[in-house]
Amino acid sequence: MDVNSSIGCSVTECQYHAGKSQHCTLDKIMVGKNESYTSQSEDTDCESFKVKENKTY
Ligand code: SF4
């Protein structure tokens, strides 16, 4: 998988995480909110997240 240096990410549990570097490997991601009104970063989520199947992290 190619590293997308434009998308930094520390979610190593995701199957799209680059592994060696703190980046995503997707060409683009979708970021959404998990509250009806978002006022802080904690209210946002990467909706492209998919958990690793082998869970080797
Ligand atoms: S899909 Fe989202 S959570 Fe997964 S590696 Fe990419 S940016 Fe991170």
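Considering only residues of the stretch 8-40 that are aliphatic (A, V, I, L, M) and in a loop (DSSP other than H, G, I, E, B), which is most open to solvent (accessible area, probe 1.4 Å)? Let's see the steps before the verdict.
Of the residues in the stretch 8-40, the ones aliphatic (A, V, I, L, M) are 11, 18, 26, 29-31.
Now drop any that are not in a loop (DSSP other than H, G, I, E, B), which leaves 11, 18, 26, 29-30.
Working: Val11: 57, Ala18: 29, Leu26: 42, Ile29: 59, Met30: 113 Å².
Checking each candidate, the answer is Met30.
Give the number of residues within the stretch 1-14 that are small (Gly, Ala, Ser) and more than 9 Å from the ligand (Cβ to nearest atom).
Going residue by residue through the stretch 1-14, those that are small (Gly, Ala, Ser) are 5-6, 8, 10.
Next cut, more than 9 Å from the ligand (Cβ to nearest atom) only: 5-6.
Number satisfying all stated conditions: 2.
Taking the condition loosely packed, with under 10 Cβ neighbours inside 10 Å and modelled with pLDDT of 95 or more, does Ser5 pass? Break it down stepwise before answering.
Numbers: loosely packed, with under 10 Cβ neighbours inside 10 Å: no; modelled with pLDDT of 95 or more: yes.
Spelling it out, it is not the case that Ser5 is loosely packed, with under 10 Cβ neighbours inside 10 Å and modelled with pLDDT of 95 or more.
Residues checked against (1) aliphatic (A, V, I, L, M); (2) within 10 Å of the chain's Cα centre (by Cα); (3) within 8 Å of the ligand (Cβ to nearest atom):
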{"site": "Tyr16", "(1), (2), (3)": "no, yes, yes"}
{"site": "Lys20", "(1), (2), (3)": "no, no, no"}
{"site": "His23", "(1), (2), (3)": "no, yes, yes"}
{"site": "Leu26", "(1), (2), (3)": "yes, yes, yes"}
{"site": "Ile29", "(1), (2), (3)": "yes, yes, yes"}
{"site": "Lys33", "(1), (2), (3)": "no, no, no"}
{"site": "Gln40", "(1), (2), (3)": "no, no, no"}
{"site": "Asn54", "(1), (2), (3)": "no, no, no"}
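Can you run down the residue pairs with Cβ atoms below 9 Å, 6 or more apart or on separate chains, where the first is in the stretch 11-27 and closer than 11 Å to Lys50 by Cα and the partner is among the β-branched types (Val, Ile, Thr) and open to solvent by 30 Å² or more (accessible area, probe 1.4 Å)?
If the second residue must be among the β-branched types (Val, Ile, Thr) and open to solvent by 30 Å² or more (accessible area, probe 1.4 Å), the pairs left are Glu13/Val51; Cys14/Val51; Gln15/Val51; Tyr16/Ile29; His17/Val11.
The values are calculated or read from the model by the stated rules, or taken from the named source; none is laboratory data. Please read these numbers as outputs of a predicted model, since none were measured by experiment. A quick note on method: Cβ atoms are made from the backbone with ideal geometry, for glycine too, and the neighbour counts reach across all protein chains shown. Remember, those area values only see protein heavy atoms, side chains included, never the ligands or the DNA or RNA. Shrake-Rupley method; radii C 1.70, N 1.55, O 1.52, S 1.80 Å.
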